[in-house]
Amino acid sequence: MKESHTDEELMTGIDILLKLIKNILKSPKEEKFRKIKKTNKAISTKLLNLICMDDLLMVINFEHESEEFYCFNISKFTSLAKAKLVIQDFYDEIRKKYMTPEELSKFELLKEQKRQMIEEHKKMNRMKEELEMKSKLDRVEKSTEEVKASKGNDLRFGANVVKFQPPAPARGR
């Protein structure tokens, strides 16, 4: 293993790692995505050859299943999405060095739009939680109120129907 790596080597290895993580996040029940075969040529030369990759895999909950495989511990699934974000940020920082000014401005714009979208999503979730809480409190308050008889039962709707009575016979005729 080398003492340091070029940015290209790092980007290639991290790109492979991000693909492996995305596959797990997309299909967590698929065992084939949760395993990394150590003897795979691309995996061993481009990913596992990176300094401290073994430690990084352990941190993001991959375990040595055998001499041939790393296996992701599915009970730690929720932490993998957070780890992916951190790894993606590191990868993006390396990529930014090689972007043209136009690519960099587009990248920064997309990053800002993504940040705004995440903030908007959080805001919507907070509003939704507040509405659910208010609704719950309203139901509790309504359940404690005394039920009043409805006036609708006393009202008479429709025409007042009166049974036909023939006129009384006239007197004197």
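Using just the helices of the chain, give the 222 nm mean residue ellipticity in deg cm²/dmol: DSSP H runs with n ≥ 4 each add -39,500 (n - 2.57), and the total is spread over all residues, rounded to 500. Counting only the DSSP helices, I get -19000 deg cm²/dmol. Surface composition of the chain: carbon and sulfur make up 56 percent of the accessible area, probe 1.4 Å. With respect to the chain, whose longest principal axis is taken over its alpha-carbon atoms, helix 101-144 is tilted by about 40°. Here each label is just a point 7 Å from Cα along the line to Cβ, and for Ser105 and Leu85 those points are 2.9 nm apart. The heavy atoms of Asp55 offer some 90 square angstrom of accessible surface to a 1.4 angstrom probe. Taken per residue, the accessible surface of the chain reaches 83 Å², heavy atoms only and a 1.4 Å probe.
Against the chain, whose longest principal axis comes from its Cα atoms, helix 77-96 is set at around 60 degrees.
Computed from label points 7 Å out along Cα-Cβ, the spacing between Ser75 and Tyr98 is 4.0 nm. The calculated pair-distance distribution of the stretch 1-97 uses every alpha carbon pair, bins of 5 angstrom beginning at 0, and gives 2, 13, 24, 27, 20, 10, 3, 0 percent.
Considering only Thr6, Asn73, Ile118, and ranking their Cα positions along the charge dipole of the chain that arises from unit charges at the beta-carbon of Lys, Arg, Asp and Glu, the one farthest toward the positive end is Ile118.
Take the Cα coordinates of the chain, assign each an equal point scatterer, and use the Debye formula without solvent to give log10 I(q)/I(0) at q = 0.18, 0.19 Å⁻¹. Cα-only, vacuum Debye calculation for the chain: -1.21, -1.26.
The values are calculated or read from the model by the stated rules, or taken from the named source; none is laboratory data. Please read all numbers here as calculations on a predicted model, not as lab measurements. Neighbour counts are summed over all protein chains in view; Cβ atoms, including those assigned to glycine, are modelled from backbone coordinates with ideal geometry. These area figures cover heavy atoms from the full protein model, side chains too; ligands, DNA and RNA do not enter into them. Shrake-Rupley method; radii C 1.70, N 1.55, O 1.52, S 1.80 Å.
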